[in-house]
Structures are given as C-alpha cells and as structure tokens.
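**Q** Sharing a structure, written as structure tokens. Questions coming.
The values are calculated or read from the model by the stated rules, or taken from the named source; none is laboratory data. Keep in mind that what you see is a predicted model, and the values were worked out from it rather than measured. Ideal geometry is used to build each Cβ from the backbone, glycine not excepted, and the neighbour counts take in all protein chains shown.
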There are 2 protein chains.
Amino acid sequence: MPHPDIPQLLGFLVLMFAAAKLLGALAQRVGQPAVLGELVAGVLLGGSVLALVDPHHEVLHFLSEVGVVVLLFEIGLETDLAKLLKVGGASSAVAIVGVVLPFALGYGVGKLLGLSDMVAIVAGAALTATSVGITARVLAELGRLQEPESQIILGAAVIDDIVGLVILTVVDGLTRGEEVTFLGVSKVTGLAIGFLTVTLLLGSLVVPPLFRLASRKVQPATLTMLAVMLAFGLAWLANAAGSAVIIGAFAAGLLLARTPQVHDIEKGVAQLGHFFVPLFFVVVGAAVEVRVLNPLDANNWQTLQVAGLLLAAAVLGKFLAGYSPFWLPVKKNVIGAGMIPRGEVGLIFANMGLATKVFDGALFSAVTLMVMVTTFLAPPLLKWLFPPRRASEPHESSGIEGLAADA
Amino acid sequence: MPHPDIPQLLGFLVLMFAAAKLLGALAQRVGQPAVLGELVAGVLLGGSVLALVDPHHEVLHFLSEVGVVVLLFEIGLETDLAKLLKVGGASSAVAIVGVVLPFALGYGVGKLLGLSDMVAIVAGAALTATSVGITARVLAELGRLQEPESQIILGAAVIDDIVGLVILTVVDGLTRGEEVTFLGVSKVTGLAIGFLTVTLLLGSLVVPPLFRLASRKVQPATLTMLAVMLAFGLAWLANAAGSAVIIGAFAAGLLLARTPQVHDIEKGVAQLGHFFVPLFFVVVGAAVEVRVLNPLDANNWQTLQVAGLLLAAAVLGKFLAGYSPFWLPVKKNVIGAGMIPRGEVGLIFANMGLATKVFDGALFSAVTLMVMVTTFLAPPLLKWLFPPRRASEPHESSGIEGLAADA
C-alpha cells in the first residue's frame, strides 16, 4: 500500500485533539484562556518532550496552516470593516511604533552583546512580528472582539503582517548578500497593500451579490463551502500577490461579514474551526524546544541571558507601542498586551537566521525562547487586563467565541 | 520559509472543491448522482488530462483518506446495527458469492488469455473488491440508505472489506514467494472479525453512557469533535488490529447511532463531510489513466480487449452475487448493481500486481480500466434500478443525504 502512515496520522490527530481539548479545559479551569492549554498540549506532544507530534511533518504542518487560515477567516467574518477603518489611524500608529521600537531595542541589545550589525539586524527583525492568531483567538474567547481595543489590535496586527513581509524580504535579501534597493522595498510594500485594497474594493462589489444569489440556490452547508473556497482562494491569491495567506483569509471574512448570509456561514465555518484551529496551536506549541529552558544546564546560561534581554526588548517595545494612539480614550495597556505575542511569525525569522547561518545555535535558541515566552505571556496578561465578557447563553454563541465556552 | 507549497495546496483545494461542486451539480442536472460528477472532476483535474491534481501527493492523499473515513463514519451514524444484523445472513451470502464468483471468472479469463497461474490469481483477486464508499454515497444521495437492499449491500461491502484484506495478505505473500499457511490466513481473518466484534460489543457498553455524560458538559460542536475523535481513533485501532481504517470509522458511526445525541453529531459531522468527502472522489478520479482508453491507438487494442473480458467477469460476478439471498423478497438486481464498483480497493490490487512485477504494464492498465469502468457504471445503474426517494424538504436533511441535494 502506497501510504502506510495514514492510520498513524489519524491516531496523531486524535492525540492532538484530545490533548488540546483536555488542556484547554484545564487552562479555563484555572482562569486562563483555552488557547494557552492548547499551546501547552503542543509542547507536551512535541519533539522536545514526548516526541509524538512532529510539527514539520508535511501533513500536520499543512493542517495547522489550514487552522490559522480558518481562524483568520472566522475573525474576519466577525469584523466590521467600517469599524476597522474608523480606528485605522490608531491601528497604523500602533503597527508602525510596534515595528520601529522593538526593532531599535532588539538592535540595541544585539550591539550591547557585541554582535555584528547583520546579526543585530536579524535579531531586531524577529522582534517586529505580531502573531494575530494568538491575540485574536484570546479576544474571541474573552467575548471582546467587538471592542475598540480589539479592533485596533486586529488592524495593527494585519498591518504588521504586511510590514513583516516587507522586512522579511529585505532581511532575506540582506542575509543572502543581495543589494536592497528602495525600488524593491517599495514594490513589495505596494503589492501587499495593493492586494488588500483591490480585494476589498472589488470584492465589496462582487461578493455580496454573488452570495445573495447562491443562497437562493443552495443549502447552507454548500454556502459554507463556497465561503471556504473564497477564503482559500484569496489566501492563495494573497500569497501570489506577495502578501500573506492569512491576510487573504481575513479579507474573505471581511467581505462576507457584510452579507445577510453571514450567520449561516459562521455556523458552518465554526465546525471546521473546531477541527482545524486547535491543530494550529498544538503545532505552534510542538515547535518549542524545552531543553534550552533548563537553568541547571550551564550550557543554557548564556542563551537564557540573551533571551532575557531580547524578551525585555520584545515586551517593552510592543507594550509601549500600545500607547501610541494617545488621542483615543481606550485601554492602552490592553492594546500593548495584545501586540506582544510573536508566535509563528517570529519563528520564521529565527529559522531564516539559522538557515542563512547569520544566527548560531545559541542565538537561534534565544530568539526561539523569546518568541515562546511572548506567546505564552499574552493570553494570561490579556485576560487579566481585559476580563471576559460572557455572552448571555454559551450555547447560543455558534461562532468563534464558542471555541472554548465549554468546561 | 520551510513549506512554500502551502498556498499552492490551498489553491488546489479550491480547484478540487469547485470542480466537484460544478460537475456534481451538472451530473444531477442530467439525472445522475452527484458523485459521478465528482469522479469526472477528478479525471479532468488528474494527471492524464489537466495534470493539476496529483493523487499521490502526500497531503492530498491524506485529505482524501480523511474523506472516506468521514463518509463511512456518516454512513455508520445513519445505520441501525440491529437492522444490519437482521440481514446479516443475506449480506454474508452476497459477500461470499461476490468474492468467489468474480475470482473464479477472473481466474478463468486469465487462463483463457494464456496467463500463468500466478498472474491469473492476482487478476482474479483484483475482481473481488467492493468499494463501499461509492455505493454508500449513491444510496445516501438517493435517500435509500434505510431500505433492506441498502442494508444488505452495506453489510456485504463491510464483510468484503474484511475478506479483501485477507485476500490481499494471501496474494501479497504469494507474489513475494512466501508460503501461505492455513494458520496465517486464519489469523488475519480472526483479527479482522475479532476487531469488529470486540469493538461493537465493548463499545455498545461504554460509548453511549460516555456521550450521554459528555453531552451535559459540552457544546454540540465539542460533542462532534469527540465523535470525530472516536471515529479516527477506531480507524487507527482497526488498522493496528489488522482490519481497515474505514471499518473502524463505520463501527464508530454504528456505536454513536444508538445515542440520543446522534442528531447533533450528524449535523456537525455533515459540515466536515462537505469539506472532506468530495476530496476523496476527486482523488479517486484523478488516479484514472485516460490514455489507455483511446481506441484509435493500436497499442491500446490488446489492453482494451483484456479489460473488456475482465470487466465482463467483474460485472457478471458481482451482479449475480446479488441474487444469492434468494429467500428474501428484495430487489436482487439493486444488490447486484450496488456491489459492482471496485473503486480504490481494486486499484490497490492493481498497484500491488505492478509493484511485484506480476503484472506487466498492459495488464496493469487493463485491470485499472476495469476498476474505472465498474466505478463509473455503478452510480447511473443504481439510480436507474433504484429511483431516488426524496426527503419531504431538502433543507431539513442535515445529514449525509444532504450531500448533493442542491442544484
């Protein structure tokens, strides 16, 4: 038989689902967001503890990516574009300060440690990312997705993803010794922003009438599949246009959020979300190397020191960025906390640094550790600063806010 | 970035969903089951026409296997074990005659063509399989899953899957020159039957109370995920116990069919089914080699002749097997027609024959062609012999029967 590992993969999925549900419920029992438990489930199943789940396995990696695509699609479905644009100025300020400040602080830490310019630049770049997935999931769990603070964070995180791609392209060019031209940077930036603008403008004209028409012909389940096709299609297109897949999925959600069929679609997508989304967080957790955390091992001391300095720069930089929309009467500490998690985007920088030999193993571990701690820090911090607002009846919330409303 | 092909895979999924939906609706428009259109969609996207979908790609192959697992799980959820056991005698008769007769006929064709014993045995073995997936999907589409004929076919197909595994093991041993012992064959048979018996007996005691308990604590969406975990878990266990993954998924469905929560579970699983199930049929279709069908190419004549003879043996053998429960007042031609499709199981035999060099390229193509035609023949034949029974209101049928109730 050509693929003998299919039953085994099914078994791994069961393990991942079970651990995610179990530790998610446990996290909630101790007053933490479920996503924290799912991340811990991943750490436990991952390579450095039980070694049951390989986050780099092609199939598991793909399923986890579908998870973050579905998550951002769900977030988009619950987001009002008008509301998002209304806080656009604040989002832009948070995004820009949240890139410049962590980069400067990270570069400073690098120079302080006596690293070369190139190494300090890549380390600084790894601090600029924001993992919209983690924060959005926590805000949804808290029932706070509609608050202005959440809208500002979402907008800033989306802008950060675009900026992150530009930085990634630039840094990638630098590490490979290519010349970085103003034209090249402008092109990448223009493509990414252009994609989102054109998609939202054209899509607003085309998508709602198409879905209104389709809703008369097909069942809700088929309508959901059409919506999923739009999300995956725009995810593909976003990547082809030089943007990120999750931006495409988010844009698809924004477009459908304005259709009268959004409720049916949300319900159908929620069931797919229950399948795919936890896989994303488990796989992110599984990529964590626990060994470098052991303070009893003298080999780790330098790594832990460097990681500590980078972490301080990472947390301080993003947290202070939350105060940049000084003119708005919003909880700035919530915004700052929401921008802290680096998640998978930070890991991409770390991997790039390692692959291009700009980072040695110790610096790679330190950056990974920084990413990990910011990711695990944000959920409890957000919950503490932004206490949950419960829906009147948990069983009614069929959308993403129901993702962890059990227990 | 470590996996640059993720956006591309998302794009392929969109293509597969779109082609499946479009050609499925088209098939229904011309009075055929939607699954026929999905198979054709696969042929068009597959290697021998547009070459857009590679059925052997690890990720697509896995997603399609999840599709057939979810499908058999859905079929199990709609199947009453008591009803299935009531027609157990008829099912067993159909299964046994449906293995012996096609094997004898296939072996006869092989000897008639002057093939060696070994080659004739493998060719005969390839004729014994039944693809429960195709038939079950068609019966579900026709709204006929609860009829005695359908129950007999389902039971026989499940038994056939167990017998098929035994034959596969035996033939695999033969082609590799191993000694086939009575003890070895008995062990394989015993394990496969034992798994199903133990699972259903133990599961009947454990699963319903567990789900009753769980339904008080968690939301329907989480209950659905628990059900999916049971299906995937039993699929893994079935394989580990020497049975087939789809038998495990079917057993999970049978167990949950008796819980009061079955309706909630069916609704949730149906949404996953809309995502995964069409992928299975598209991938089956994509594996079809269209080149060998061209009668203008003289190279294909011998292949077409051999394929024609094997096809006659395949159709006749299974169709006549439908008449073996002579004592029951049921439509025997429907049962016979339902047993005809070989689907993916037949292809496994063909691949094994090729891999072990028992088959040359021409015979491999002939067997593949036979499998293909039986697979494409069954849906229209079944629909013709067993006209659809419509549910009162298509929007009400949230389960698998809703899979193709649009258009």
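**Q** Check the range B:26-33 and report whether any residue there is in contact (Cβ under 8 Å) with a residue 60 or more places away in the chain, more than 22 Å from A:Ala252 (Cβ to Cβ) and within 19 Å of the chain's Cα centre (by Cα).
**A** Scanning the range B:26-33 turns up at least one residue that is in contact (Cβ under 8 Å) with a residue 60 or more places away in the chain, more than 22 Å from A:Ala252 (Cβ to Cβ) and within 19 Å of the chain's Cα centre (by Cα).
**Q** When A:Ser204 is evaluated against the numbered criteria (1) at pLDDT below 90; (2) surrounded by fewer than 21 Cβ atoms within 10 Å (Cβ to Cβ); (3) over 22 Å from A:Lys267 (Cβ atoms), which criterion, by number, is the only one it fails?
**A** Failing condition for A:Ser204: (1).
**Q** Take the residues of the range B:145-184 that are over 17 Å from the mean Cα position of the chain (by Cα) and not in a helix (DSSP H, G or I): which is farthest from B:Tyr107 (Cα to Cα)?
**A** Checked the range B:145-184; the qualifying residue farthest from B:Tyr107 (Cα to Cα) is B:Gln146.
Residue by residue, here is whether (1) among the hydrophobic types (A, V, I, L, M, F, W, C); (2) closer than 24 Å to A:Ala136 by Cβ; (3) in contact with a Leu (Cβ under 8 Å, 6 or more places away or on another chain); (4) surrounded by fewer than 15 Cβ atoms within 10 Å (Cβ to Cβ) holds:
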| position | (1), (2), (3), (4) |
| --- | --- |
| A:Asp161 | no, yes, no, no |
| A:Asp172 | no, no, no, no |
| A:Glu178 | no, no, no, yes |
| A:Gln219 | no, no, no, no |
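**Q** When you scan the range A:239-265, how many residues do you find that are within 24 Å of A:Lys83 (Cα to Cα) and either at the interface with chain B (Cβ under 8 Å from one of its Cβ atoms) or aromatic (Phe, Trp, Tyr) (or both)?
**A** Just the residues of the range A:239-265 that are within 24 Å of A:Lys83 (Cα to Cα), to begin with: A:243-265.
From the residues that got through so far, the ones that are either at the interface with chain B (Cβ under 8 Å from one of its Cβ atoms) or aromatic (Phe, Trp, Tyr) (or both) too are A:245, A:250.
Adding up the residues that qualify gives 2.
**Q** Just one of A:Ala27, A:Ala18 is within 14 Å of chain B (Cβ to nearest Cβ) and in contact with a Gly (Cβ under 9 Å, 6 or more places away or on another chain); which is it?
**A** A:Ala18
**Q** Turning to a different aspect of this structure: Counting only residues that are more than 10 Å from every other protein chain (Cβ to nearest Cβ) and either under 20 Å from A:Gly133 (Cα atoms) or touching a residue at least 12 places away in the same chain (Cβ under 8 Å) (or both), how many does the range A:208-238 have?
**A** Step one: list which residues in the range A:208-238 are more than 10 Å from every other protein chain (Cβ to nearest Cβ), which gives A:208-213, A:215-216, A:227.
Add one more test, that the residue is either under 20 Å from A:Gly133 (Cα atoms) or touching a residue at least 12 places away in the same chain (Cβ under 8 Å) (or both), and what stays is A:208, A:211-212, A:215, A:227.
Result for the range A:208-238: 5.
**Q** If you go through the range B:266-281 one residue at a time, how many are more than 11 Å from every other protein chain (Cβ to nearest Cβ) and more than 24 Å from B:Ala378 (Cβ to Cβ)?
**A** Number satisfying all stated conditions: 1.
**Q** Within the range B:285-330, how many residues turn out to be at pLDDT below 85, over 14 Å from B:Met372 (Cα atoms) and either surrounded by 18 or more Cβ atoms within 10 Å (Cβ to Cβ) or β-branched (Val, Ile, Thr) (or both)?
**A** Going through the range B:285-330 one residue at a time, the tally reaches 1.
**Q** Considering each residue of the range A:44-53, count those that are closer than 27 Å to A:Val245 by Cα and either within 11 Å of chain B (Cβ to nearest Cβ) or in contact with a Phe, Trp or Tyr (Cβ under 9 Å, 6 or more places away or on another chain) (or both), and give that number. Break it down stepwise before answering.
**A** Within the range A:44-53, the first condition is being closer than 27 Å to A:Val245 by Cα, and the residues that meet it are A:45-47, A:53.
Narrowing the set further to residues that are either within 11 Å of chain B (Cβ to nearest Cβ) or in contact with a Phe, Trp or Tyr (Cβ under 9 Å, 6 or more places away or on another chain) (or both) leaves A:45, A:53.
Matching residues across the range A:44-53 total 2.
**Q** Output the residue which, of all residues in the range A:256-282 that are touching a Gly at 6+ places or on another chain (Cβ under 6 Å) and hydrophobic (A, V, I, L, M, F, W, C), is surrounded by the fewest Cβ atoms within 10 Å (Cβ to Cβ).
**A** The initial filter retains those residues of the range A:256-282 that are touching a Gly at 6+ places or on another chain (Cβ under 6 Å), namely A:266, A:270-271, A:276-277, A:279-280, A:282.
Those still in the list that are hydrophobic (A, V, I, L, M, F, W, C) too: A:270, A:276-277, A:279-280, A:282.
On the way: A:Ala270: 25, A:Phe276: 20, A:Val277: 26, A:Leu279: 26, A:Phe280: 27, A:Val282: 32.
The selected residue is A:Phe276.
**Q** How about the range A:31-139: which helices (runs of 4 or more DSSP H) wholly inside it have at least 3 residues that are of a type outside the set (D, E, K, R), buried (at least 24 other Cβ atoms within 10 Å of the Cβ) and modelled with pLDDT of 90 or more? Break it down stepwise before answering.
**A** Values: elements: A:34-45, A:58-77, A:81-86, A:88-112, A:117-126.
In the range A:31-139, A:34-45, A:58-77, A:88-112 are the helices (runs of 4 or more DSSP H) which contain 3 or more residues that are of a type outside the set (D, E, K, R), buried (at least 24 other Cβ atoms within 10 Å of the Cβ) and modelled with pLDDT of 90 or more.
**Q** Give the number of residues within the range A:54-104 that are of a type in the set (Phe, Trp, Tyr) and within 14 Å of chain B (Cβ to nearest Cβ). Please lay out each step first, then the result.
**A** So the first thing to find is which residues in the range A:54-104 are of a type in the set (Phe, Trp, Tyr), and the list is A:62, A:73, A:103.
Then keep just the ones that are within 14 Å of chain B (Cβ to nearest Cβ); that gives A:62, A:73.
Final tally of qualifying residues: 2.
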